[in-house]
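The next block holds one structure in the form of structure tokens; read it before the comments.
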Amino acid sequence: MFEPDDFGMSAAATLAHVADPTPSRHHVPFWKSWVRGVEGDRPLLRAVSGPLPDPADGTATHEFASYRHVRIGCRLVRPVDGVVRAGLVSFHGYGAPIPLSQEDEQWAALAARGVATLAIRVRGFPGSMVDTGDWTSHSWITRGLDVPVSGVGPDGTDTTHADMMAWSMAQGVADAVNACRVMRAWLGAGVPLYVRGESFGAAFAVIAASLAAQHPELGYGVDRLQIGLPTMGDWRWRLTSDRARRGGGTQREIVDLLTREASRAEDLSERLRVCDTAIHAQRVRCPVLCKLAVRDEVVPAPAAAAVFNALYSAPGCKWRFVTPYGHFDGGIRNARRHALFDRCVTDFLDPAVEPMESMLRWEPILGRGERAP
């Protein structure tokens, strides 16, 4: 078996890897501008009667209008007994997500514990193509990243930060944040709100939790965060010449863009880093459960670990569940670890139990083992 690249690092070094904490020079002005643009949205969760006219997935039960009036399809999975004890917003991965209709089975165990789950599809993915068309057929992640600066604004500065709103990731984060806002409104006061995502979805979850902590004017807070194999982090490490071509997934598409736009590569890299999840993780303070792999090259394992290590949650309120491999079919033992993590997630997101209490029984097997406690 050809194992994924270890990037020349031992397991211990991989899991201990930390990112350069310096943000992009665009970070502060861009996010100030972004919040001003998104705060004005007044999204409302609306039940749909009949299938949405989406060419790829019309099985949404609800929708809301996000940034630039784009309709976002979602599926609301309600608790079995009708009593909502917590709400969860779930974000999908980069590959073709499962049909929204299958989210019911995905979250049945949490529904039995009183958690209402809102599973969304960010714009351009199946389920949210009504107003955008298909953004996945070429490269979703690089769409609009290379939009040139259009000119000089009235204050004499260039329009870089306004132009950066053309990037799919900036707009996708708006969809993620607006999903949290509509779920917060649907839940009502006093009901906790959780956020989760794996891989690409984990990037949205981290940024949504970070923005909530920094900008209370957005109108929601995150009580628990659950992520797995988080991507979009530690770009300075990932884009060094000896590593850039060794990663897969979104990294390969981004490197291809930087190669085509070699004369602008430095500026595009700075733009890319405004969504660096290792930077945003520094603002996250809620309890977190995170799955990490010792080896992964689709989401380079050291970069995923850097996101976890940057989380500002108290040491006793963040837990690292380790698997041998991430985006790789590593055999039955690896598969068992991933399945075990899913069971751990259900306990972590149980609103009837405090995170520290639920994770206490899992701590002996967070690093290894194939049997649930």
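Size descriptor for the stretch 53-156, Kirkwood hydrodynamic radius: 15.3 Å (Cα pairs only, one decimal). Per residue, the stretch 174-241 exposes 24 Å² of accessible surface when a 1.4 Å probe is rolled over the protein heavy atoms with every protein chain present. On the principal axes of its alpha-carbon atoms, the stretch 219-373 has extents of 54, 43, 22 Å, going from largest to smallest. Each Cα pair under 8 Å and six or more residues apart adds its sequence gap; the mean of these over the residue count of the stretch 63-139 is a relative contact order of 39 percent.
Which percent of the accessible heavy-atom area of the chain goes to carbon and sulfur, probe 1.4 angstrom?
C and S atoms contribute 53 percent here.
Between the beta carbons of residue 11 and residue 265, assuming R0 = 25 Å, the FRET efficiency works out to 0.20 to the nearest 0.05.
The stretch 305-353 and the stretch 37-110 have Cα centres spaced 24 Å apart.
In the full protein context, the stretch 15-156 carries 47 Å² of accessible surface per residue, based on a 1.4 Å probe and ignoring ligands, DNA and RNA. Using a simple spin-label model with pseudo-atoms 7 Å out from Cα toward Cβ, residue 147 and residue 56 lie 2.0 nm apart. Sorted on the mean count of surrounding Cβ atoms within 10 Å across their residues, most packed first, peptides 311-318, 275-282, 209-216, 243-250 read 275-282, 209-216, 243-250, 311-318.
Can you give the percent of C-alpha pairs in the stretch 219-293 whose distance is more than 17 Å? Value for the stretch 219-293: 52 percent of Cα pairs lie more than 17 Å apart. Kindly provide log₁₀ I(q)/I(0) values, in the same order as q = 0.13, 0.19, 0.21 Å⁻¹, from the Debye equation applied to equal alpha-carbon scatterers of the stretch 1-119. Treating every Cα as an identical point scatterer, log10 I(q)/I(0) equals -0.82, -1.04, -1.11. Helices assigned as whole DSSP H runs in the chain whose Cα atoms extend at least 15 Å along their own long axis and whose mean Kyte-Doolittle hydropathy is -1.0 or higher are found at 27-39, 168-187, 200-214, 249-260, 332-348. Sorting the segments 12-21, 178-187, 256-265 by their mean number of nearby beta carbons within 10 angstrom, highest to lowest, gives 178-187, 12-21, 256-265. Any idea how far apart residue 332 and residue 346 come out in nm if each label point goes 7 Å out from Cα toward Cβ? Once both label points are built, they end up 2.2 nm from each other. Its Cα gyration tensor gives the stretch 174-311 an equivalent ellipsoid, and the semi-axes of that ellipsoid, as √(5λ) in whole Å with the largest first, are 29, 16, 11.
For the chain, the relative contact order is 19 percent, taking Cα pairs closer than 8 Å that sit 6 or more residues apart in sequence and dividing their mean separation by the residue count.
Of the residues 279, 324, 362, the one whose Cα sits farthest towards the positive end of the charge dipole of the stretch 253-373 is 362 (charges of +1 on Lys and Arg Cβ, -1 on Asp and Glu Cβ, taken about the Cα centre).
Rounded to the nearest 20 debye, the dipole size of the chain about its Cα centre is 600 debye, using +1 on the Cβ of Lys and Arg and -1 on the Cβ of Asp and Glu. Dimensions of the stretch 1-57 from C-alpha coordinates, computed as largest minus smallest value along each principal axis and given longest first, are 53, 40, 17 Å. Simple spin-label estimate for residue 357 and residue 46 gives 4.1 nm between the two label positions (7 Å along the Cα-to-Cβ direction from each Cα). If you run the Gaussian network model on the chain, springs between alpha carbon atoms under 10 Å, then out of 123, 113, 252 the most flexible one is 252. Subtracting the Cα-Cα distance of residue 244 and residue 68 from 0.36 nm times their residue separation leaves 60.0 nm of extension gain.
The values are calculated or read from the model by the stated rules, or taken from the named source; none is laboratory data. As the structure is a prediction and not an experimental result, all values here were calculated from the model. Please note: Cβ atoms are built from the backbone with ideal geometry, for glycine as well, and neighbour counts cover all protein chains shown. In case anyone asks, the SASA skips ligands and DNA or RNA and just uses the protein heavy atoms, side chains included. Shrake-Rupley method; radii C 1.70, N 1.55, O 1.52, S 1.80 Å.
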